[in-house]
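Student: Please read through the structure below; I'll follow up with questions.
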Amino acid sequence: MTDRFPDRSALVTGASGDIGSAVARGLVAEGARVTLVDRDAAAVTALAAELGAAARGVEADVTVEADVERAFAAAVEFGRGLHLVFNNAGIEGPVGPLHELDLDRLAAVLQVNVVGAAAVLKHTLPHLGPGGVVVQTASTAGLSGAPLMGPYVASKHALLGLTTVASREVAPRAVRVTAVCPGPVAGHMMSRIDGGRSDLGAPSGAGRLPTGTILDGGRYATVEEVAGSVSFLLGPDAGFVTGSALVADGGRLS
């Protein structure tokens, strides 16, 4: 494989999660120096040790602006600049009908998925030069609705709005901002979501949504498949792509 990211400095938030860690591994494998950001200190330290000298772990919470500033400074110092941002930190929040929604839990989801993402944009966009790229982890939930997932759906719609605004603000500087919109992805988050749906009497899907994706028997995506989409958006082959969302859902919304 030809290195797509030689001498590039990358910042990955939510780095210890399934998708974040897969993207980080791919970036390091293709030549980038990667600053791994996560509020789980043990997990991000372990991932940095796994990836070796090309990675550094930073314990930080994207909902704390001072933490975001500190993580950005660490990325610039470690990578001798900053070129790529994977704005990935997020939580799924509660599973349940809107008429039973705990508004404090709604606020907690928005704080991470929207305010946290906005903080990362605030502190990285001004410092990205021509060729800089931000990819945000949105979701097909940001393009449609999903029963019992109100807070998550609302947050991902908002994140796509931030994506289009940011892309227009920085396009004159030749900086790109895009989003990836996965459907259900096999991993820890979907396990929790399926468990929550089962507790409410909905079919768990057992690795498949009842409505089904159309590709390959209706299975969930793998984290490696989503990471491949992110790497494409971060890379030079997507050099004229900005302001848009790449849907990686096995045809579920088609």
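Student: For the range 43-90, what does the alpha-carbon gyration tensor say about shape, rounded, prolate or oblate, given a ≥ b ≥ c as the root eigenvalues, a/c under 1.5 as rounded, and a/b over b/c as prolate?
Tutor: Note, shape of the range 43-90 comes out oblate.
Student: Take every Cα pair under 8 Å in the chain that's 6+ residues apart, average their separations, divide by the length, and report that relative contact order as a whole percent. Present the calculation step by step, with values, prior to reporting the outcome.
Tutor: Values: 506 pairs, mean separation 47.1, N = 254.
For the chain, the relative contact order is 19 percent.
Student: Where nothing but the Cβ of Lys and Arg (+1) and of Asp and Glu (-1) is charged, how large is the charge dipole of the range 102-180 around its Cα centre, in debye to the nearest 20? It would help to have the intermediate numbers written out before the result.
Tutor: Details: 6 positive and 3 negative charges, 54 e Å.
Magnitude of the dipole: close to 260 debye.
Student: Span-like helices, the chain: DSSP H, alpha-carbon axial extent 27 Å or more, mean Kyte-Doolittle -0.5 or greater, which ones? Write down the numbers at each step before the final one.
Tutor: Numbers: long enough: 150-170 (30 Å, 0.36).
TM-like helix candidates: 150-170.
Student: Mind computing the radius of gyration and Dmax over the alpha-carbon atoms of the range 1-43? Å is fine for both.
Tutor: Cα-based Rg and Dmax for the range 1-43 come out at 10.5, 32 Å.
Student: Over the residues of the range 1-95, compute the C-alpha Rg and express it relative to 2.2 N^0.38 Å.
Tutor: 1.01
Student: Let's see if you can work this out: charge +1 on each Lys and Arg Cβ, -1 on each Asp and Glu Cβ, no other charges. What is the dipole magnitude of the chain about its Cα centre, in debye to the nearest 20? The partial results should precede the final answer.
Tutor: Values: 19 positive and 25 negative charges, 111 e Å.
Using only the charged Cβ atoms, the result is roughly 540 debye.
Student: So what is Rg over Rh here for the range 58-150, counting just Cα atoms and using Kirkwood for Rh?
Tutor: Values: Rg = 15.5 Å, Rh = 14.7 Å.
My calculation puts Rg/Rh at 1.06.
Student: How much accessible area per residue does the chain have, counting only protein heavy atoms and a probe of 1.4 Å, in square angstrom?
Tutor: Working: 11230 Å² over 254 residues.
The answer is 44 Å² per residue.
Student: When all C-alpha to C-alpha distances in the range 104-162 are sorted into bins of 10 Å, what percent of pairs does each bin hold, rounded to whole numbers?
Tutor: Values per bin, smallest distances first: 22, 47, 23, 7, 0.
Student: Got a sec to turn the phi values of the range 175-180 into Karplus ³J(HN,Hα) couplings, 6.51 cos²θ - 1.76 cosθ + 1.60 with θ = phi - 60°, whole Hz, x for Gly and Pro?
Tutor: Couplings: 9, 9, 9, 9, 9, 10 Hz.
Student: Another one. Let's test the formula: R0 of 51 Å, r as the Cβ-Cβ distance of residue 241 and residue 46. What FRET efficiency results, to the nearest 0.05? Present the calculation step by step, with values, prior to reporting the outcome.
Tutor: Numbers: r = 33 Å, r/R0 = 0.65.
Calculated transfer efficiency: 0.95.
Student: Would you calculate the separation in nanometres between label points at residue 65 and residue 7, each defined as 7 Å from the Cα along the Cα-to-beta-carbon direction?
Tutor: That separation, rounded to one decimal, is 3.6 nm.
The values are calculated or read from the model by the stated rules, or taken from the named source; none is laboratory data. Given the structure is predicted, the values throughout are model-derived calculations rather than measurements. Glycine also receives a Cβ, built like all others from the backbone with ideal geometry; neighbour counts cover every protein chain displayed. Calculation scope for accessible area: heavy atoms of the full protein, side chains included, ligands and nucleic acids excluded. Shrake-Rupley method; radii C 1.70, N 1.55, O 1.52, S 1.80 Å.
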